[in-house]
1. Each residue of the stretch 292-303 in order: what ³J(HN,Hα) in whole Hz does its phi give by Karplus 6.51 cos²θ - 1.76 cosθ + 1.60, θ = phi - 60°, with x for Gly and Pro?
2. Sequence-distant or interchain residues sharing an amide H contact under 5 Å with Ser672, placed H: which?
3. Gain in length, Arg116 to Lys533, computed as 0.36 nm per residue apart minus the alpha-carbon separation, to one decimal in nm?
4. So how do 387-397, 79-89, 140-150 stack up, highest first, on mean other-Cβ count within 10 Å?
5. Using a 1.4 angstrom probe with every protein chain in place, what is the largest-first accessible-area order of Cys425, Cys287?
6. log10 I(q)/I(0), Debye, Cα-only the stretch 516-571, no solvent, q = 0.26 Å⁻¹?
7. To the nearest 20 Debye, how big is the dipole of the stretch 361-513 about its Cα centre, given +1 on the beta carbon of each Lys and Arg and -1 on that of each Asp and Glu?
8. Can you pull the percent of the stretch 454-545's accessible area that's carbon plus sulfur, 1.4 Å probe, other chains left in place?
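The values are calculated or read from the model by the stated rules, or taken from the named source; none is laboratory data. Quantities reported herein were computed from a predicted structural model and do not represent experimental measurements. Cβ atoms come from the backbone with ideal geometry, glycine included; neighbour counts cover every protein chain shown. Quick note on the areas: whole protein, heavy atoms, side chains included, nothing else; ligands and nucleic acids left out. Shrake-Rupley method; radii C 1.70, N 1.55, O 1.52, S 1.80 Å.
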Amino acid sequence: MRPRPPRTSRAYRPLSLKRRAWLTLGAVVIGGGGLATYAAAGQPATPGAETRAKRPVKVYDFALKADGAGRRELPRTETGTFSMLGVSWTGATKQLNGTAQVRTRAAATGTWSAWRDLEADADPLRDPAAGAEARGASEPLWVGPSDGVQVQVVHEDGTTSAGLPTGLRVDLVDPGIATAAETRATAAPRPAAFAADETPSPDPTPSDPDTGAPTPDDPGPSDPGTSTPSPSASTPTPPASTVPAPPVTARADWGADESISPEEPEYNTGVKAVFVHHSTGSNTYACADSASLVRGVHAYHVLVNGWKDIGYNFLVDKCGTIFEGRKGGTGLPVLGAHTYGWNRDSTGVAVLGEHTATPASDAALASIARIAAWKLGQYGAEPTGTVQLTAGATQKNFTGRSFTTGQSYPFERISAHRDGFNTECPGGSLYAQLPAIRTLAAGPVQGLKLASLTGAALSGSTYWTKGAVTPRWSATTPAALIKKYEVLVDGKSAATAAGSATSATVTPGAGSHTVAVRAVHQSGLTVTTAAVKVATDTTAPTFPTAPTIALRTGTVETAAVPVVLGWKAADAQALKSVELLSPTTAAFGPTVTSSARTAKSGSAGVWSMRATDAAGNTRTASPSFTPVILQETSAVKSGTWSTRSSSSYLGGKSYSSGTKNASLTWTFTGRSASWVVSRAAESGKADVYVDGKKVTTVDLKSSTTRYRQAIWTKTWSGSAKHTVKIVVSGTGGRPTVTTDGLVYVK
């Protein structure tokens, strides 16, 4: 992941004595082919105020020394606060060929971390014009606010330190306080134990620990890009892109110290490819601290590596915030220092964090895709395509693929650092996400689904509505990459919604239609959901047969007469349901036409029903009916009848007769009638006459005694005056008929 400056720049910015606090070595340990040091750095205290004073970024360095006495335990010595560190050495063309490990002490808790490896497979500088003062360095490691450090460097063979580069040192970066948000943050006061370490040491000229020569302080080398000649130093005009530019946090807003990067930017002729990196370090940083991380990387690249500016063109945090990297204009093809040998005609994007085993966040992926699509779109390049790039260095990449200076090789338009150089960067997990980034950048929108259609009801395969409908959808592509959504009615756009929307409302006209949702990617590519059938119906259902009640057989109570509620509802399109609203509630399917209920006698009852069609149109019918109980005493008697008393009878009394041809006659005006009697094993038979004509003979015999039984009913199509006559048959051995009365509905 090591970025390098362009070939023609005077990239090295040395640590001035004003910017360097010399570190007092606490102890040195050597053994097993390695060397280690533990030291303290003087640094001003952080103010413990509600509003903190701004302070610039600073870099402090420790010289790592070796002697042949073997490994020793390191004493623990405090340092000033720092949040980022790395190991560097003399000679940018040299590689470490070993393992560098660090431990740090958290400033807030005093807890020491475990040993952590530094990523030391940094891009070498092989430019013949590079000066001897340029330094090789590990990748910077973000550790958060810390106040103690321990370092050990071991040669790869584990037996000798002779193969290690000279001038080894650890560089500590305090990112300072630069933005308005940071100055508002509350700072905890420094412990008293640090008082002795608050004042920087005088400004000695430190010596190289291995050679005794002064630490280099002269301008130095730059990184080769390709063999393409350097473009003019004049600022080009930003070309228009095929996609919108994403929001980018400017250098001034993340607190770039422009005094350490005074040189003017250089420009490529265009952007043919985008290289993806990770910055290594912690993934647990707060996104509010991202500006500090970016300042730390800037300081490390300039004050440790000796480059003219931060190497990356853009940086992205895990919350998706995009930061401007190397200066020169985010809309311009700024020549960066991010991928050794391939900086010409490319842009570098680094994700803040370590993604060897941890994937980058969805927000970070979306932001990388937006940058890549925008920059490639300025030059008419497709994010999912390939391109021929000219090698600026002879080398191998992570998988062993060889490159030769000046020759052209195919690359994905969106590639990884490891594709061009022998490094693990951007980590295996982020590397595996590159296909997803390419798809996000190029489009179309992924995972588009029509989740639901509100304002309409599904009946069979058709959604029915009486007016407006609201399709609701989802997509896996982040909203920032979506230009708009369109609701299509019969294939034509009827409503438009923003890329962040998940619904929109349309009102189809009368009749049958199709409705679908189309997503338009920022690239212009579209994808459309499967269409659904929608029918608009504004006609209410009807009741061809109005609700009515008819008496039915069953046990009659004074307050509950058994009845059958009947109706017929219909709809020209699709009847959905019928509901009983009063005197009680019930719901029925569209094909049901009757229901056994009970009704209170003696008072009018409103039987209100509502029919609803699939579109939601309704029709209500509310007829009123009154069941009336006619006691036996209201009948005209013929023959011999006796009165019986029991609480089991309606009203407590009934008539009983065993005389053949004894009769009872009731006259009423209504549309339904039922005869109420008692039944028992000794009960006889009776003939029933309606309006002077015999209609049936009823046998009242029952194995169990039952009272108040509506055993015979008759219903007419309308209300009229009727007579019902009961005649005792005089059945042999069981002649008795006991009657409770007659019920009719008016």
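1. 5, 4, 5, 4, x, 5, 4, 5, 5, 4, 7, 8
2. Trp716, Val745
3. 144.1 nm
4. Result, highest mean first: 79-89, 140-150, 387-397.
5. From most accessible down to least: Cys287, Cys425.
6. -1.02
7. 120 debye
8. Heavy-atom surface of the stretch 454-545 belonging to carbon and sulfur, 1.4 Å probe: 52 percent.
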